[in-house]
Amino acid sequence: MNNEDRLIARLKAQYNALPLPPTLEERICDSMKKELHEEQQNNRARGGVLRGLYRGLGTAAAALGVIAILANASPTTAQAMQQVPVLGSIAQLLTFRTYEDSQYGIDAMIQIPQLDALESPARENLQAAVDAYAQSLIHIHEESVELAQQALAEDPEIFGESMTAHQDLQCEAKVVAETDDMFCLDMNATLIMAGATQYQKHFVLDKRSGQVLSLSDLFAEGSDYAALLETEVKRQMEANAALDPNLSYFPDMVEIGPDQDFYITAQGQLVLCFSEYDVAPGYMGAQSFDIPTEAIAGALHTDLIR
């Protein structure tokens, strides 16, 4: 089962018939599945386009370009974008713009970091990736609103007495780690319908090259890093469950691909991250596994992991 199939299975399991009518539920789930799949496939391509734009505009204009791209994505986006103060973080590096919207009981609050303090080209490349991801979340929300509007027009009684759906999408950003060579940002999204499910997305930037790293970028070409990581994650699952009988995992669902979510600590340790229900029951929440460097040392192609 791939990541998109897992996502749609989790979403459908959460509805339990109450939050949204079944027909609207299916349409929103299909929309979310399509959007997240396209974001995953096209993130690098869109980042490349934006990087070219930033280089043409220059550093100062690039910051304005980021705002313009997001604000002009749709009238709803433009109305919902708000400036908020600088928030605390490691090295106090981030300011935010926040997208907020609420229609038909479908709410969204998405923090979009503005990385003005990072030097070019590092800032430009990371900003492009962050903006593309934020816009994909905004698009999910706007499509949910559109589907609710269409469903209400077709059947004014579809939501019952409340006349509203019940869906809330929130995304908060924070700095996870920063060194002279690396910067790591976490965008943690929570989707609330019948229940709440968290989805983590980390961005790891190599400051020296300006590259936003995928997991595969950390390893030598041809190395069997996925098998090494899967073996280590399953080993830790078994060890954890042996120590605490209340812990439960799905080892057969551990599949490591080139786009697996991860981050690197300030001490140089690789951490693999899984959203809720990916590799464990929902009561376990999101899961992360610290990977000992000695377990992967022979396959590494970076000095960011030590």
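What number goes with the only condition from (1) open to solvent by less than 10 Å² (accessible area, probe 1.4 Å); (2) among the β-branched types (V, I, T); (3) touching a strand residue (DSSP E or B) at 6+ places or on another chain (Cβ under 6 Å); (4) at pLDDT below 90 that I106 does not pass? Going through (1) open to solvent by less than 10 Å² (accessible area, probe 1.4 Å); (2) among the β-branched types (V, I, T); (3) touching a strand residue (DSSP E or B) at 6+ places or on another chain (Cβ under 6 Å); (4) at pLDDT below 90 one by one, I106 breaks only (4).
Among the conditions (1) in a helix (DSSP H, G or I); (2) under 30 Å from A134 (Cβ atoms), D252 misses just one, which is (2). If only one of A280, A227 is open to solvent by less than 20 Å² (accessible area, probe 1.4 Å) and farther than 30 Å from D180 by Cα, which one is it? Only one candidate qualifies: A280. Of all residues in the stretch 209-227, those that are over 12 Å from Q260 (Cα atoms) have Cβ atoms under 6 Å from Cβ atoms of residues that are open to solvent by 40 Å² or more (accessible area, probe 1.4 Å) and at pLDDT 95 or above, 6 or more apart or on another chain, in F219/H301; A220/H301.
Residues of the stretch 278-295 that are outside any loop (DSSP other than H, G, I, E, B), of a type in the set (A, V, I, L, M) and either within 22 Å of the chain's Cα centre (by Cα) or at pLDDT below 95 (or both): M284, I291.
Among the residues of the stretch 118-148, write down those that are free of Cβ contacts under 8 Å to residues at least 60 places away in the same chain and either under 21 Å from N188 (Cβ atoms) or among the polar types (S, T, N, Q) (or both). Matches in the stretch 118-148: L137, H141. Quick check, is A122 modelled with pLDDT under 90 and either open to solvent by 30 Å² or more (accessible area, probe 1.4 Å) or under 28 Å from R208 (Cβ atoms) (or both)? Yes.
Each residue in the stretch 134-181 was checked for being in contact with a Lys or Arg (Cβ under 6 Å, 6 or more places away or on another chain) and either in a helix (DSSP H, G or I) or crowded, with 17+ Cβ neighbours inside 10 Å (or both), and 1 of them qualify. Taking every residue in the stretch 242-268 that is at positive phi and pairing it with any residue that is open to solvent by less than 60 Å² (accessible area, probe 1.4 Å), at least 6 positions away or on another chain, the pairs with Cβ-Cβ distances below 6 Å are G268/I305.
This table checks each residue for (1) open to solvent by 50 Å² or more (accessible area, probe 1.4 Å); (2) of a type in the set (V, I, T); (3) at pLDDT 95 or above.
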| residue | (1), (2), (3) |
| --- | --- |
| Q236 | no, no, yes |
| A241 | no, no, yes |
| N246 | yes, no, no |
| E255 | yes, no, yes |
| G268 | no, no, yes |
| E276 | no, no, no |
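Among the residues of the stretch 179-216, the ones that are at pLDDT below 95 and either hydroxyl-bearing (S, T, Y) or over 23 Å from L118 (Cα atoms) (or both) come to 13 in all.
Being at pLDDT below 90, under 30 Å from A117 (Cβ atoms) and of a type in the set (S, T, N, Q) is a condition met by no residue of the stretch 160-169.
Residues of the stretch 244-261 that are of a type in the set (A, V, I, L, M, F, W, C) and in contact with a Leu (Cβ under 7 Å, 6 or more places away or on another chain): I256 alone. Restricting attention to the stretch 103-133 and to residues that are assigned to a helix (DSSP H, G or I) and among the hydrophobic types (A, V, I, L, M, F, W, C), the residue that is farthest from the chain's Cα centre (by Cα) turns out to be A122. Taken together, L272, L304 contain a single residue that is surrounded by 17 or more Cβ atoms within 10 Å (Cβ to Cβ) and not in a loop (DSSP other than H, G, I, E, B), which is L272.
The values are calculated or read from the model by the stated rules, or taken from the named source; none is laboratory data. None of these values were measured; they are calculated from a predicted model. As a convention, Cβ positions derive from the backbone with ideal geometry for all residues, glycine included, and neighbour counts pool all protein chains shown. Protein only, heavy atoms only, side chains kept; ligands, DNA and RNA dropped before computing areas. Shrake-Rupley method; radii C 1.70, N 1.55, O 1.52, S 1.80 Å.
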